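The values are calculated or read from the model by the stated rules, or taken from the named source; none is laboratory data. Because the structure is predicted, anything quoted here is derived from the model rather than measured. Ideal geometry is used to build each Cβ from the backbone, glycine not excepted, and the neighbour counts take in all protein chains shown. The protein model used for the area step is the full one, side chains on, heavy atoms only, and it has no ligands, DNA or RNA in it. Shrake-Rupley method; radii C 1.70, N 1.55, O 1.52, S 1.80 Å.
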Protein chains: 2
Amino acid sequence: MTEYRRLRVALLGAGAVGSQVAGLLLRHGDELADRAGAELELAGIAVRNLDAHRDVDLPPELFTTDAEALITGADIVVELIGGIEPARAHTLLALGSGADVVTANKALLATHGPEVFEAADRVGASVYYEAAAAGAIPIIRPLRDSLAGDRVVRIMGIVNGTTNYILDRMDTEGADFADVLADAQRLGYAEADPTADVEGYDAAQKAAILASLAFHTAVPLETVHREGITAITADMIEEARDAGFVIKLLAVCERLVDEGAESISVRVYPALVPRSHPLASVHGANNAVFVEAEAAGPLMFYGAGAGGVQTASAVLGDVVSAARRHIAGGTGVGESTRANLPIVPIGHVTTRYQITLEVSDAPGVLATVAGLLSEGGVSVATVLQTVAEPNGEEGGTARLIIGTHRAADEALSATVDSLAASEVVERVVSVLRVEGE
Amino acid sequence: MTEYRRLRVALLGAGAVGSQVAGLLLRHGDELADRAGAELELAGIAVRNLDAHRDVDLPPELFTTDAEALITGADIVVELIGGIEPARAHTLLALGSGADVVTANKALLATHGPEVFEAADRVGASVYYEAAAAGAIPIIRPLRDSLAGDRVVRIMGIVNGTTNYILDRMDTEGADFADVLADAQRLGYAEADPTADVEGYDAAQKAAILASLAFHTAVPLETVHREGITAITADMIEEARDAGFVIKLLAVCERLVDEGAESISVRVYPALVPRSHPLASVHGANNAVFVEAEAAGPLMFYGAGAGGVQTASAVLGDVVSAARRHIAGGTGVGESTRANLPIVPIGHVTTRYQITLEVSDAPGVLATVAGLLSEGGVSVATVLQTVAEPNGEEGGTARLIIGTHRAADEALSATVDSLAASEVVERVVSVLRVEGE
């Protein structure tokens, strides 16, 4: 075997991803050395509890509870603790001591990204985070490097596997949200506390990271509009199917142009996607990111969005990249956020909507509804009226499905409020945005 | 605007891609400077003929016929001439003078890759070639960097837009190869001389590049098995559809393990792909690369495989990467071919096959055919016999569609020869490999 310079890799965390990273690093060490041009020595694994169960059998002598000591002697620090602290402190310590950092920590990057990247810039180190968005799918390098000469117009991503698994099973089985969620928890596709996934927090963090890269703009997490999927019912999914749509939780990052002035919008919500769109056929817990760029046109990246060993693949790719940079010399390449485009609040974002109403089946109802939409500045594209319980007579309940032209979110919301308050509307069944047409 | 260090970019060639690169570089110069951290000055455009028509209006003073002078003063040389010479000489001159090279030249890399990469290594320069395989689709960085810590098991790529366009139209319209080709030429999807595309030469070059990256092995072009699509008929496509398949020209790069010893196979041919496979829904002139890695699992990359402005996106991403490296300092990262796995000749490669025969509809025919297959060591998985012209009587012609288990290519070929020579076989209608099951 060739003699290589030895680089010390410190691993922080030995959970589902960390233990796989350690296992692969030990098992494929020689092969990775040939690729990196450097021997990657696993210097240690910092954990909170030395006796916790690990998914992979690892030499006990590698484990330590002294993360700080491990970090300060390392060339490359792999942070797989997750959450903000102590991950943030460890990351800053690592960068401060000149180590490159590899991280899968979307929460940290989405909330403290600028602080982390500035710390790296100060010492010429690099932060690698291919695993922080869409798991094993290479999406960070394509956005950061391959598309660096292009102008991204729009990203639509299925970036949360749990919600896609739930929505996909609801779609294929006609099952209810609560039933599928319970089953997903039993099968390990959803956490005991599913809030981060089903309320869209996880997707919002990834959206912030992707938008920041795509638009060269710092995107604070609080500017990302977020809605979850807990209100999605089996009925809504069936109705979507009848109209040629599937409901997906999307992370949408969009470049907007208004009278020559550019801005961006970053938002996460369940949306109606046409069945013919490539994102509609992303099944199970898989992820996919659809990118439209001015010159490149539409691109799609597809694969496993989570899972210990899948995410470990992305982490180890970053470790090899960091090692190559160490050997090549030179400073790390910082993040470019020099475009710093303004971020539009959700109220000003326009999309098409589909509004489903239960109305009394009486004369003049359609005219009243149409009048309220028109007053609210919402233009109607399509209307479908069906009788909920057909008895051949007036006086029952009818269902109105209204497809709108593009409308601003705040105008739409106000209009839905006035519809809900109207005497002729018995119930607003659902209001869903349409994406990907 | 921030004051940046100025980097001189020399453009060689102003064809469909080159003129778009120049146009975008001039139009988005300030934006690219912010991303690269360097001003990208288009120092000149070397062409053979100053008066040729260009797709994009460009300042005439940029053009020169003196490529050598332009190259020697440049920091980044963008080679978009194509072909071997003078592209090879210009590339070596550029690297020799310390410039980074960005190239879309698959022919050069597939035939002189090692020479080019060694020249770069000697001076610590870099070669970027995101545009050399699958056009605008980011596939080089994902393979080279994101998957550098993983072990790629298999790549199946639709990497030639012209042949996918032709096969897709044959599939959707039931049209014949010659008719669709003529129409594709009229519409600009195929060249006047379509040999490079329809005979698989273009796909073979891209396969060599992808396999080399994926398996860290130098893959000489002559080791890539290559078959084109000129023998594909409307009948074969219809029969494939009836059996649940679509015919696609695939570039297959595979890691093989035989008794613990690893080797690779790289091959291009039309194959039967199950309609449920993601590659089956790649339509028109689009490209897609399906990658399976040990840890990451299946991944897919999809987008436009060709086109001037699409390919220009990939080229400009490389220009920004090269500029970032110049500013960061350090040497370029060389190609790792240290695994250098043996490349298996096509005869030893095993796949499943579908063999369609026209046989005489007489007693004992099936037994004879089954006997010849068995003698040849080809194991039968499925048989479908249909009467070509059903008249309710024996003595006519029947069609036998035989699906085999995995068989080695040379055993299969020899068996097909003996079938063709048999008295009971009137015609070998088609022999197609099955991929993606």
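Among the residues in the range B:17-37, are any away from chain A (no Cβ under 14 Å), assigned to a loop (DSSP other than H, G, I, E, B) and touching a residue at least 12 places away in the same chain (Cβ under 8 Å)? Taking every residue of the range B:17-37 in turn, none turns out to be away from chain A (no Cβ under 14 Å), assigned to a loop (DSSP other than H, G, I, E, B) and touching a residue at least 12 places away in the same chain (Cβ under 8 Å). In this structure, A:Ile229 qualifies as open to solvent by less than 10 Å² (accessible area, probe 1.4 Å) and within 14 Å of A:Asn164 (Cα to Cα). Mind checking whether some residue in the range B:354-372 is out of contact with any Leu (no Cβ under 7 Å at 6 or more places or on another chain), under 30 Å from B:Gly113 (Cα atoms) and either more than 8 Å from chain A (Cβ to nearest Cβ) or of a type in the set (Lys, Arg) (or both)? Scanning the range B:354-372, I find no residue that is out of contact with any Leu (no Cβ under 7 Å at 6 or more places or on another chain), under 30 Å from B:Gly113 (Cα atoms) and either more than 8 Å from chain A (Cβ to nearest Cβ) or of a type in the set (Lys, Arg) (or both), so the answer is no. Put simply, of A:Glu375, A:Glu423, A:Glu437 the only residue that is farther than 25 Å from A:Tyr269 by Cα and modelled with pLDDT under 95 is A:Glu423. Any chance you could count how many residues in the range B:33-45 are surrounded by fewer than 22 Cβ atoms within 10 Å (Cβ to Cβ), modelled with pLDDT of 95 or more and either closer than 10 Å to A:Gly149 by Cα or not small (Gly, Ala, Ser) (or both)? The qualifying residues number 3. Is there a residue in the range B:51-63 that is assigned by TED's automatic domain parsing to the domain that holds B:Glu118, more than 28 Å from A:Glu294 (Cα to Cα) and surrounded by fewer than 22 Cβ atoms within 10 Å (Cβ to Cβ)? Yes. Among residues of the range B:285-311 that are farther than 23 Å from B:Arg169 by Cα, those with a Cβ under 6 angstrom from a residue that is outside any loop (DSSP other than H, G, I, E, B) and of a type in the set (D, E, K, R), sequence gap 6+ or separate chain, pair up as B:Glu292/B:Arg154; B:Pro298/B:Glu292.
From the list B:Val416, B:Val383, B:Val431, the lone residue that is open to solvent by less than 30 Å² (accessible area, probe 1.4 Å) and either touching a residue at least 24 places away in the same chain (Cβ under 8 Å) or part of a strand (DSSP E or B) (or both) is B:Val416.
With the structure loaded, tell me whether A:Ala208 is on the phi < 0 side of the Ramachandran plot, in the same structural domain as A:Ser276 (by TED's automatic domain parsing) and in contact (Cβ under 8 Å) with a residue 12 or more places away in the chain or whether it fails that test. So A:Ala208 passes the test.
For the range B:137-145, does any single residue satisfy the condition of being more than 12 Å from chain A (Cβ to nearest Cβ) and crowded, with 24+ Cβ neighbours inside 10 Å? Looking for residues that are more than 12 Å from chain A (Cβ to nearest Cβ) and crowded, with 24+ Cβ neighbours inside 10 Å, one finds none in the range B:137-145, hence no. The lone criterion from (1) away from chain B (no Cβ under 14 Å); (2) surrounded by 24 or more Cβ atoms within 10 Å (Cβ to Cβ); (3) touching a helix residue (DSSP H, G or I) at 6+ places or on another chain (Cβ under 8 Å); (4) under 17 Å from A:Asp318 (Cβ atoms) left unmet by A:Gly13 is number (3). Taking the conditions (1) at negative phi; (2) in contact with a Gly (Cβ under 8 Å, 6 or more places away or on another chain) in turn, B:His283 satisfies each one other than (2).
Annotation: of all residues in the range A:59-108 being closer than 23 Å to A:Ala207 by Cα and in a strand (DSSP E or B), the one that is nearest to the chain's Cα centre (by Cα) is A:Thr103. Residues of the range A:151-165 that are over 13 Å from the mean Cα position of the chain (by Cα) and open to solvent by 10 Å² or more (accessible area, probe 1.4 Å): A:Arg151, A:Val153, A:Arg154, A:Tyr165.
Would you mind telling me which numbered condition in (1) of a type outside the set (Val, Ile, Thr); (2) in contact with a Lys or Arg (Cβ under 7 Å, 6 or more places away or on another chain); (3) surrounded by fewer than 21 Cβ atoms within 10 Å (Cβ to Cβ) B:Ala293 fails? Answer for B:Ala293: the failing condition is (3).
Here is the figure for the range B:333-349: residues that are assigned to a loop (DSSP other than H, G, I, E, B) and either within 7 Å of another protein chain (Cβ to nearest Cβ) or open to solvent by 70 Å² or more (accessible area, probe 1.4 Å) (or both) total 7. The residues in the range B:201-211 that are open to solvent by less than 20 Å² (accessible area, probe 1.4 Å) and closer than 10 Å to B:Val159 by Cβ can be counted, and the count is 7. Out of B:Ser313, B:Ser360, one residue alone is among the hydroxyl-bearing types (Ser, Thr, Tyr), open to solvent by less than 40 Å² (accessible area, probe 1.4 Å), out of contact with any His (no Cβ under 9 Å at 6 or more places or on another chain) and in the same structural domain as B:Leu26 (by TED's automatic domain parsing). It is B:Ser313. The strands (runs of 3 or more DSSP E) located wholly in the range A:252-332 that include 2 or more residues which are within 9 Å of chain B (Cβ to nearest Cβ) and within 19 Å of the chain's Cα centre (by Cα) occupy A:286-293, A:297-304.
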